[in-house]
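What follows draws every value from the coordinates through simple rules; no lab data is involved. Just so it is clear, the model here is predicted, and its values are computed rather than measured. Note that each Cβ is placed from the backbone with ideal geometry, even for glycine, and that neighbours are counted across all protein chains shown.
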């Protein structure tokens, strides 16, 4: 569906040389300021936002991005007595200035509140030399919300994070009730997995387990989508586990070939396989990893950020069984909702031509409702530079960066 034409409305702010510690919008009483906080303090502060926080706003994600070219800033916006914590990633662009990007932020819940927060953030960003502020609020995709953002001077752009459309599970009931709410086909697959001897469990984010997931990633991609370098993924996964905000869930299935090759080799005195992540015991079939999920957590929200699986599964339904295990882990850590992270938009969920059609079919087996958000929006802070940016500057930067580093600039 083509994006609607959105009018450009620009505002004037402080010059970079003024650089105040905080900035106040001309349109209202909202202010924004940069603050200092520990990782634990900031994570806690995010959970008190109107939206309850978001995993992509989390300090573990920000620190990870800080190791790959971005500079994280912790910004607090004061909205008529309500404080909104916003994690902002900044990056300099030669000849333009800085890009300020709030992944899945600000954590506001209404378009009007978002517009006020963005204006205050924009003033602060401009005072510090930015020519562009990118925001990605999780507001529902409605005409009213889009119109409000457009009238505040924002321009719609392409999404940076993958879950502009997604499937979200309510995981407040007990696990048995949650599973009973899945589609008949998904429940059948889970039963088949259990009957076939498959298991799913949380495993540590070790180097070896990272390599197992990355190898499955390679098989899953098969040229259909690009991957970042392996160090990028390892950094993200390890930082989240170390912060208590992420885990691996691996799905295992019996593998007769592995069992035969394991006889007399690769086991310790207790009969356990010595390969990390692949348990096997005397008298039981060897088990092989057939799917892997990386699950993120912040406050009461979880997200299935990365997932990969064998194309040909030795036992049916193991990926669905892994989702159940992920939900169990999230509930143990206080989560009440689980974002399966990315699907086709609601109006294309049945479109077999969509790149995420298969993904959507799998995820709507857990909840048939697709949530569409308004997506990513730009607030131009310098008219001339933003025009050059959208006319080809951004595309040229991304292409050159990809050619030189093999990495996505964002």
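All distinct Cα pairs of region 165-371 go into the 1/r average, and the inverse of that average, the Kirkwood radius, is 17.7 Å. For the chain, the longest principal axis of the Cα atoms and the long axis of helix 111-127 meet at an angle of about 70 degrees. Taking the chain as a Gaussian network of alpha-carbon nodes connected by springs under 10 Å, the highest mean-square fluctuation of the residues 118, 77, 400 belongs to 400. Here the Kirkwood formula puts the hydrodynamic radius of the chain at 22.7 Å, using every distinct Cα pair.
Normalised by the number of residues in region 165-371, the average gap of Cα pairs under 8 Å and 6 or more apart makes the relative contact order 34 percent. Normalised by the number of residues in the chain, the mean separation of alpha-carbon contacts (under 8 Å, six or more apart) gives a relative contact order of 21 percent. Which of the three applies to region 144-237, rounded, prolate or oblate, going by the alpha-carbon gyration tensor with a ≥ b ≥ c and a/c under 1.5 meaning rounded? Cα axes put region 144-237 in the oblate bin. The slack in the chain from residue 311 to residue 407, taken as 0.36 nm per residue of separation less the alpha-carbon distance, amounts to 32.0 nm. Sorting 93-103, 206-216 by their mean Cβ neighbour count within 10 Å, with the most densely packed peptide first, gives 93-103, 206-216.
How far is helix 184-195 tilted off the main Cα axis of the chain, in degrees rounded to 10, range 0 to 90? So the inclination is approximately 40 degrees. Could you list the residues of region 319-336 with an amide nitrogen less than 20 Å from a label point located 7 Å from the Cα of residue 39 in the Cα-to-C-beta direction? What the label zone holds, given the 20 Å backbone N cut-off, is 330, 333-335.
Dividing the helix sum by the residues of the chain, where each DSSP H run of 4 or more adds -39500 (n - 2.57), gives a mean residue ellipticity at 222 nm of -10000 deg cm²/dmol. Summary of packing: across the peptides 137-146, 35-44, the per-residue average of other C-beta atoms within 10 Å ranks them, highest first, as 137-146, 35-44.
Each Cα pair under 8 Å and six or more residues apart adds its separation to the average, and for region 31-109 the resulting relative contact order is 32 percent.
Over all projection directions, the Cα-based convex hull of region 87-222 averages an area of 13.6 nm².
Relative to the longest principal axis of the Cα atoms of the chain, helix 318-332 runs at roughly 60 degrees. By the gyration tensor of its Cα atoms, with a ≥ b ≥ c the square roots of the eigenvalues, what is the shape of region 316-387: rounded for a/c under 1.5, prolate for a/b over b/c, or oblate? Since a/c reaches 1.5 but b/c is at least a/b, the shape of region 316-387 is classed as oblate.
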